[in-house]
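Participant: Dumping the structure here so I can ask a few things about it.
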Amino acid sequence: MNDKFNLTREQNVFIAKRNIVDYIWKSANLEGIEVTYPETQAIYDGGIVNGLTVNNIIAICNLKNAWQFILENADINYDFNLLCHIHKLVADRLVLEQDLGRIRTTPVNVGGTKWQPQFPIESQIVEELNILLNQKEKSKTEIAIELMLYIMRRQMFIDGNKRVAMLFANKIMIDNGCGIITVAQEYQPTFYEKLIKYYETNEMTDIKKWIYNYCIDGIKL
C-alpha cells in the first residue's frame with residue numbers, strides 16, 4: 001500500500017486549509033452531529049446559527065480548534081499524550097471535565113452491534129501505539145489508516161473517539177505529505193457497515209483497502 005500523494009507538508013497544509021470546512025462537516029456527520037455544510041461554514045466563520053443545539057455548535061467549534069492545532073504544530077510526537085490532547089480539544093464542554101483527555105473508566109456501547117470494547121489500559125495503549133507507529137515496511141498512509149481504525153475500535157475515551165482517531169491519523173498524513181483522510185457523505189453508510197464488521201472481527205484488511213481507495217483526498221503534482 002503505497003502513499004497515494006507525495007506532497008510537502010506546506011502543500012498538504014494548504015490543501016487542508018482550503019477545504020477545512022468540508023472536512024469538519026464530514027467529520028461531524030460521521031459521528032452523528034446533525035449539521036449542514038452552510039451551518040458548518042457559518043459556525044466556522046463565527047456567525048450565528050439558529051435551530052442547532054448548543055452541543056452541536058460547540059462540537060463544530062471544537063473541531064475547528066483541533067484542526068487548527070494539527071495544522072499549526074509540526075514538531076509533535078505521535079503518542080498517547082497527543083491522543084489525549086486532541087481529545088481535550090474535540091470534547092471540550094461536551095464531556096465532564098474529569099473525562100477530558102483521560103481514558104474512560106466506565107463501559108460504553110457501540111451503535112449497530114452487540115460487540116463491546118474492552119476497558120482501556122494506558123500501558124497497553126502506549127505499547128500498541130508504538131508497535132503500529134514503528135512498522136518500517138509500511139507507508140505512512142497505511143500506518144495512518146491502521147492507527148485510525150485501531151483508535152476507533154479501542155474506544156479509549158468516553159466520547160469523540162472517531163473524531164480523535166481521524167485527527168490523529170491526519171496529523172501523520174499531513175506531516176508526511178500524504179493527503180487527507182475524509183469520508184464523503186455518500187460513502188458514510190458503507191464506511192459504517194465495514195467499521196462494524198471490523199469492530200466485531202478485529203480484521204481490518206477490507207476496510208483499510210476501502211479507505212485507501214475511496215477516502216483519501218489530495219492533489220497530484
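The values are calculated or read from the model by the stated rules, or taken from the named source; none is laboratory data. These figures come from a predicted structure and were not determined experimentally. Note that each Cβ is placed from the backbone with ideal geometry, even for glycine, and that neighbours are counted across all protein chains shown.
Participant: Looking at ALA16, ALA59, which is the one that is of a type in the set (A, V, I, L, M, F, W, C) and touching a strand residue (DSSP E or B) at 6+ places or on another chain (Cβ under 7 Å)?
Facilitator: Sole residue among the options that is of a type in the set (A, V, I, L, M, F, W, C) and touching a strand residue (DSSP E or B) at 6+ places or on another chain (Cβ under 7 Å): ALA16.
Participant: Now a separate question. Checking the structure you have, find out if any residue of segment 137-150 is part of a loop (DSSP other than H, G, I, E, B) and surrounded by 20 or more Cβ atoms within 10 Å (Cβ to Cβ).
Facilitator: no
Participant: Considering only segment 47-56, I want to know if a residue exists there that is at pLDDT 95 or above and touching a helix residue (DSSP H, G or I) at 6+ places or on another chain (Cβ under 6 Å).
Facilitator: no
Participant: Quick one: GLY160 ticks every box in (1) of a type outside the set (S, T, N, Q); (2) surrounded by fewer than 17 Cβ atoms within 10 Å (Cβ to Cβ); (3) in contact with a His (Cβ under 9 Å, 6 or more places away or on another chain) except a single one, so which number is it?
Facilitator: Of (1) of a type outside the set (S, T, N, Q); (2) surrounded by fewer than 17 Cβ atoms within 10 Å (Cβ to Cβ); (3) in contact with a His (Cβ under 9 Å, 6 or more places away or on another chain), only one is false for GLY160: (2).
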